[in-house]
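**Q** The structure's right below; bear with me while I get my questions together.
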Amino acid sequence: MVVDGGTVAWVGSEGAAESYAAGVDEVIDLGGALVTPAFTDAHVHTTATGLALTGLDLAAARDLADALDRVGAYARANPGHRVLLGHGWDESRWPGRRPPTRAELDAATGGRPLYLTRADVHSAVVTTALLALAPGVEGMAGHDPEGPLTRDAHHAVRRAAYAAVTPEQRAAAQRAALDHAASLGIGAVHECAGPDISSEDDLTALLRLAAAEPGPRVYGYWAEAVTGAKDLERIRDLGAVGAGGDLFVDGSIGSRTACLHAPYADAPAVAGTAYLDEAAIADHVALCTEAGVQAGFHAIGDAAVAAVAEGVREAARRVGLERVRALRHRVEHAEMMTEDTIAAFADLGLVASVQPAFDAAWGGEDGMYARRLGAERARTMNPFAAMTRAGVPLALGSDAPVTPLDPWGTVRAAAFHRTLEHRISVRGAFNAHTRGGWRAVGRDEAGVLVPGAPADYVVWRAGDLVVQAPDERVANWSTDPRSGTPGLPDLTPGLPLPTALRTVVGGRTVFARPNE
């Protein structure tokens, strides 16, 4: 491969490459290492990911007592922090299956302000001192006097907590997240920002940092419903590529705020929360389409996904189906899909920005989905194969810090889905995690290593290259040498994942593994 500046100039056989060798500035012999396009993580919260990497992460807490011990140790180790920030508790994994109470957290922190998000980031537990920083929160929807906060109450305490993060802390967190992404072979991330998630300052600071320093490319989305020209102008002024990302139609399964047609199996009086109705969805998509701006939504539950499909359908009736299709409006997560909503996504040209690691973390007969929804509904979650067969474009991501940045692990989770009929091939998942992310931002020429494409690539230390497909008939054909199907690393569960040796973005090395 010949790279000229930030672009791939030529790709061909080793013998033909000799004719280029005399005219290039540098020749690098990779010694048989694998080279692939860089990954694109299509759903990331960069600052929150960096704070989790550098701060209090409870993902590994064994039980409630362990979590409280970690909170106390972190508070003692960081006496100068105005607000203690943490992430990752998941009571569904603990014996007793309950979150920490406010009184327990007050005791663990010595009465200091603490904001601690659940693994899905759709609820949080806080201390009494943090509530004092968000006046009026007790009267907001989603407030609980002892338990986790959801909805408006959660958004209010999140704003209060993040307001205490200094610009220096924020930059350090963003840099830590992007450096970590580059070390994993991620060359681009889609930042899903918004007024209920971060702040305008957070997004613009991230975009400035990414433009000024070597690292992954950052494409920003701003999750605020468009109601007129001023909203569209703000999207452009922020430097966002779209009015979407986590524009919430509903919440999450773990926090029981994902909007369902039928109640939760473990909470028969609860069917989730609807934040946007079909009319608001239609207005948002129609206004964005007329302005040539990509729109998007967060939708997880079957009722929320159906509302998006109907709302976008109504927008297409207003402004024209082809105009809607051309902008590739996005839906983040799209977990509880039916035959009807899959068909609607395909017809409307909607991109499904999905997170296979959700299934790895919470799927299966004994997983959190089964406890929340019942086994029958849990088996329908994240039907990647049916979506792919119908022609729904997939873009893979992590939703970090909800699940970790882990591109090969994400591909493995899609290819070895806990529900057999939802599995897709390793090649299909890999394409959705590389080229799929670029297509989701309207760049069809990128995410592949061909002349004219951006020189975003990764050099990997990997084992044997194989072809892995979920269907025996496909596997038998694609492993035949006559098919010409290129191999990829063996991602069979239990085997080590490839290691990034060098990550290159725009022809510039942004990560090089020491001593390699």
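**Q** Just grab the label-to-label distance for Ala16 and Arg389, each label 7 Å out from Cα along the Cβ direction, in nm (one decimal).
**A** With each label point 7 Å from Cα toward Cβ, the separation is 3.8 nm.
**Q** Any idea how far the Cα center of the range 1-28 sits from the one of the range 332-400, in Å?
**A** Measuring centre to centre over Cα atoms gives 41 Å.
**Q** What do the square roots of 5 times the Cα gyration tensor eigenvalues come to for the range 19-117, in whole Å, largest first, as semi-axes of the equivalent ellipsoid?
**A** 45, 17, 12
**Q** Sticking with this structure for a sec: Using Stokes-Einstein with the Kirkwood hydrodynamic radius over Cα pairs, what translational diffusion coefficient do you get for the range 302-377 at 20 °C and a viscosity of 1.002 mPa s, in µm²/s rounded to a whole number? Provide the component values of the computation, followed by the final result.
**A** On the way: Rh = 13.6 Å.
Answer from the Stokes-Einstein relation: 158 µm²/s.
**Q** Go through Leu394, Val308, Gly363 and say which Cα lies farthest out towards the positive end of the charge dipole of the range 296-442; charges sit on Cβ, +1 for Lys and Arg, -1 for Asp and Glu.
**A** Result: Leu394, furthest along the dipole toward the positive end.
**Q** With a 1.4 Å probe and all protein chains left in place, how much accessible area per residue does the range 332-479 have, in Å²?
**A** Per residue, the range 332-479 has 37 Å² of solvent-accessible surface.
**Q** If the only charges are +1 at each Lys and Arg Cβ and -1 at each Asp and Glu Cβ, what is the size of the charge dipole of the chain around the Cα centre, to the nearest 20 debye? Mind dumping the intermediate values first?
**A** On the way: 46 positive and 64 negative charges, 55 e Å.
Computed about the Cα centre, the dipole is about 260 debye.
**Q** Turning to a different aspect of this structure: Along its principal axes, what span do the Cα atoms of the range 182-315 show, with the longest given first and each in whole Å?
**A** Cα extents, longest axis first: 51, 37, 23 Å.
**Q** Put +1 on the Cβ of each Lys and Arg and -1 on the Cβ of each Asp and Glu in the chain; which of Val24, Pro99, Val466 then has its Cα farthest toward the positive end of the dipole?
**A** Pro99
**Q** In nm, give the distance between the simple-model label positions of Ala172 and Ala229, each being 7 Å from the Cα along the Cα-to-Cβ direction.
**A** 4.5
**Q** Taking the chain, how much of its Cα-Cα pair set, in percent, is spaced more than 40 angstrom apart?
**A** 21
**Q** Any chance you could run the full-extension gain for Thr7 through Ser183? It's 0.36 nm times the residue separation minus the Cα-Cα distance, nm to one decimal.
**A** 61.2 nm
**Q** Ranked from highest to lowest mean number of other Cβ atoms within 10 Å per residue, what is the order of the peptides 345-357, 194-206?
**A** 345-357, 194-206
**Q** Then there's this: Could you quote the convex hull projected area for the range 391-460, Cα atoms only and averaged over all directions, in nm²?
**A** On the way: hull surface 23.1 nm².
Here the figure is 5.8 nm², rounded to one decimal.
**Q** Taking 41 Å as R0, compute the FRET efficiency from the Cβ-Cβ separation of Leu30 and Leu420 and round it to 0.05.
**A** 0.65
**Q** In nm, to one decimal, how far is the Arg93 label point from the Asp237 one, both placed 7 Å along Cα→Cβ?
**A** 4.2
**Q** Rank by packing, highest mean first: peptides 166-176, 17-27, 365-375, 48-58, with packing defined as the count of other Cβ atoms within 10 Å averaged across residues.
**A** Result, highest mean first: 48-58, 365-375, 166-176, 17-27.
**Q** Another one. Where does the chain land at 222 nm, in deg cm²/dmol rounded to the nearest 500, when only DSSP H runs of n ≥ 4 count, each adding -39500 (n - 2.57), divided by all residues?
**A** Working: 21 runs with 197 residues, N = 516.
Using -39500 (n - 2.57) per qualifying helix, the result is -11000 deg cm²/dmol.
**Q** Taking the Cβ-Cβ separation of Asp277 and Val319 as r and a Förster radius of 22 Å, what is the calculated FRET efficiency to the nearest 0.05?
**A** On the way: r = 19 Å, r/R0 = 0.87.
FRET efficiency, Asp277 to Val319: 0.70.
**Q** Okay, next question. Considering Cα pairs under 8 angstrom that are at least six residues apart, work out the relative contact order of the range 255-380 and quote it in whole percent.
**A** Once divided by the residue count of the range 255-380, the mean separation gives 24 percent.
**Q** Just subtract the alpha-carbon distance of Ala132 and Thr492 from 0.36 nm times their residue separation and send over the number in nm, one decimal. Let's see the in-between values first.
**A** Numbers: separation 360, 0.36 × 360 = 129.60 nm, distance 4.98 nm.
Full-extension gain reported as 124.6 nm.
**Q** Follow-up question, since we're still on this one. Let's test this: bin the Cα-Cα distances of the range 145-240 at 10 Å from zero up to the farthest pair and state each bin's percent.
**A** In whole percents, the pair-distance histogram is 14, 40, 33, 12, 1.
**Q** Further, regarding this structure: Among 184-193, 268-277, how do they line up by average Cβ neighbours within 10 Å per residue, starting with the highest?
**A** Result, highest mean Cβ count within 10 Å first: 184-193, 268-277.
**Q** Roughly speaking, to the nearest percent, how much of the chain's 1.4 Å accessible area is carbon and sulfur?
**A** Using a 1.4 Å probe with all protein chains present, the chain comes out at 51 percent carbon and sulfur.
**Q** So, with +1 on the Cβ of K and R and -1 on the Cβ of D and E, and no other charges, what is the size of the charge dipole of the range 50-146 about its Cα centre, to the nearest 20 debye?
**A** Dipole magnitude for the range 50-146 comes out near 220 debye.
The values are calculated or read from the model by the stated rules, or taken from the named source; none is laboratory data. Values in this document were obtained by computation on a predicted structure and should not be read as measured data. Backbone-built Cβ (ideal geometry, glycine too); neighbour counts: all protein chains shown. Accessible surface areas use protein heavy atoms only, side chains included; no ligands, DNA or RNA. Shrake-Rupley method; radii C 1.70, N 1.55, O 1.52, S 1.80 Å.
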